[in-house]
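The values are calculated or read from the model by the stated rules, or taken from the named source; none is laboratory data. Being a predicted model, the structure only gives us computed values, none of them experimental. No Cβ is skipped: glycine too gets one built from the backbone with ideal geometry, and neighbour counts run over all protein chains shown.
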Amino acid sequence: MRNGEPVRYRARVAYLGTFFRGWQVQKNADRTVQAVLEAALFRVEGGPVRAVAAGRTDTGVHADGQVVHFDLSGARDPGSLVPAINASLPWDLRVLRVDRATPDFHARRDAAWKDYLYRWNREPVVPPTLALFTAPLSPRADASRMRAAAEGLAGERDFGVFGVRSSGQGGSTVRRLHFVRISERGGELRALFRGDAFLRGMVRSMCGVLADVSRGRVPPGRVDELLRTGDRRLLSQKAPAHGLTLLRVSYRDGS
């Protein structure tokens, strides 16, 4: 390990989530994004390095703009760190950019908002090049129905009904969604979520309900009913992980 005071760096990271067991290091799963990235950082540093992400994506979820911070001993040229780290990474994980950060910068706590994008494909046959990134949906799925249902999601409220429950889980389940925008691009139907923070599984759970609304399986008022009652029996099946991508994390300094 090099000598010198620890220096904090901030990196933008992209990955294909298909072959990873989520972000977080797990005892029974070697191939997580964090574990693979930390192994590459170990080779650069010559010792253990902890990588902290803006958000912990689940198994199968992709990222175009995940943000990570880590500390290295001594100052390095951020530009040279990009190829040095990528040289030890597999093809489905890449560091896109590295910048020096202030010593107190924290990728998760300092985030102002995050953008998540969910993509469905309504084509009768989904091309293989899209199959890893879009979830199949009936060609009859109606974007206007989905859009009307999504209007009830924006704002600051208790989203606990959409989050994954875990033993010993504590803390508030109140979150603020800036907006949910539904759009169409050819055969694709897309939902863009911007929020200050998200509960685990929250976006995929909401997308499951929105998909069922769009194809008429549940009434348009189901979203409002779930938020009002908190009745998890009214939830739809969670949308597949591979349709979800963490697009961007924004910070208070505008970056």
Q. Only one of these conditions is not met by Ala75: (1) at pLDDT 95 or above; (2) part of a loop (DSSP other than H, G, I, E, B). Which number is it?
A. (1)
Q. Of these, Arg194, Arg204, Arg145, Arg200, which one is buried (at least 16 other Cβ atoms within 10 Å of the Cβ), of a type in the set (D, E, K, R), under 22 Å from Arg248 (Cα atoms) and touching a helix residue (DSSP H, G or I) at 6+ places or on another chain (Cβ under 8 Å)?
A. Arg204
**Q.** Residues located in the stretch 1-34, provided they are closer than 15 Å to Arg94 by Cα and surrounded by fewer than 18 Cβ atoms within 10 Å (Cβ to Cβ)
**A.** Ala14, Thr18, Phe19, Arg31
**Q.** Which listed residue, of Ala29, Ala35, Ala53, Ala39, is among the aliphatic types (A, V, I, L, M) and either closer than 26 Å to Phe193 by Cβ or within 16 Å of the chain's Cα centre (by Cα) (or both)
**A.** Ala53
Q. Looking at Val49, Val82, Val33, which is the one that is in contact with an Asp or Glu (Cβ under 9 Å, 6 or more places away or on another chain), of a type outside the set (Asp, Glu) and touching a residue at least 12 places away in the same chain (Cβ under 8 Å)?
A. Val49
Q: Out of Glu184, Glu123, Glu156, Glu151, report the one residue that is assigned by TED's automatic domain parsing to the domain that holds Asp224 and touching a helix residue (DSSP H, G or I) at 6+ places or on another chain (Cβ under 6 Å).
A: Glu184
Q: Among the candidates His69, His62, His106, single out the residue that is under 20 Å from the mean Cα position of the chain (by Cα) and either of a type in the set (Lys, Arg) or closer than 18 Å to Glu188 by Cα (or both).
A: His62
Q: Take the stretch 1-54 and flag every residue that is farther than 21 Å from Leu132 by Cβ, basic (Lys, Arg), in contact with a Phe, Trp or Tyr (Cβ under 8 Å, 6 or more places away or on another chain) and part of a loop (DSSP other than H, G, I, E, B).
A: Arg50
Q | Among (1) out of contact with any Gly (no Cβ under 7 Å at 6 or more places or on another chain); (2) over 16 Å from Leu235 (Cβ atoms), the one test that Leu210 misses | A | (2)
Q: Determine, yes or no, whether Leu189 is touching a helix residue (DSSP H, G or I) at 6+ places or on another chain (Cβ under 8 Å), assigned to a loop (DSSP other than H, G, I, E, B) and crowded, with 17+ Cβ neighbours inside 10 Å.
A: no
Q) Can you find a residue in the stretch 142-162 that is assigned to a strand (DSSP E or B), without any contact (Cβ under 8 Å) to a residue 40 or more places away in the chain and small (Gly, Ala, Ser)? A) yes
Q) Of everything in the stretch 222-254 that's assigned to a loop (DSSP other than H, G, I, E, B) and in contact (Cβ under 8 Å) with a residue 40 or more places away in the chain, which residue is surrounded by the most Cβ atoms within 10 Å (Cβ to Cβ)? A) Ala239
Q: Kindly establish whether Ser138 is surrounded by fewer than 18 Cβ atoms within 10 Å (Cβ to Cβ), in contact (Cβ under 8 Å) with a residue 40 or more places away in the chain, assigned by TED's automatic domain parsing to the domain that holds Arg10 and more than 17 Å from the chain's Cα centre (by Cα).
A: no
Q) Here are some residues: Ala112, Ala107. Which one is assigned to a loop (DSSP other than H, G, I, E, B), surrounded by 12 or more Cβ atoms within 10 Å (Cβ to Cβ) and in contact (Cβ under 8 Å) with a residue 60 or more places away in the chain? A) Ala107
Q. Among the residues of the stretch 90-98, is any assigned to a loop (DSSP other than H, G, I, E, B), surrounded by 14 or more Cβ atoms within 10 Å (Cβ to Cβ), hydrophobic (A, V, I, L, M, F, W, C) and touching a residue at least 40 places away in the same chain (Cβ under 8 Å)?
A. no
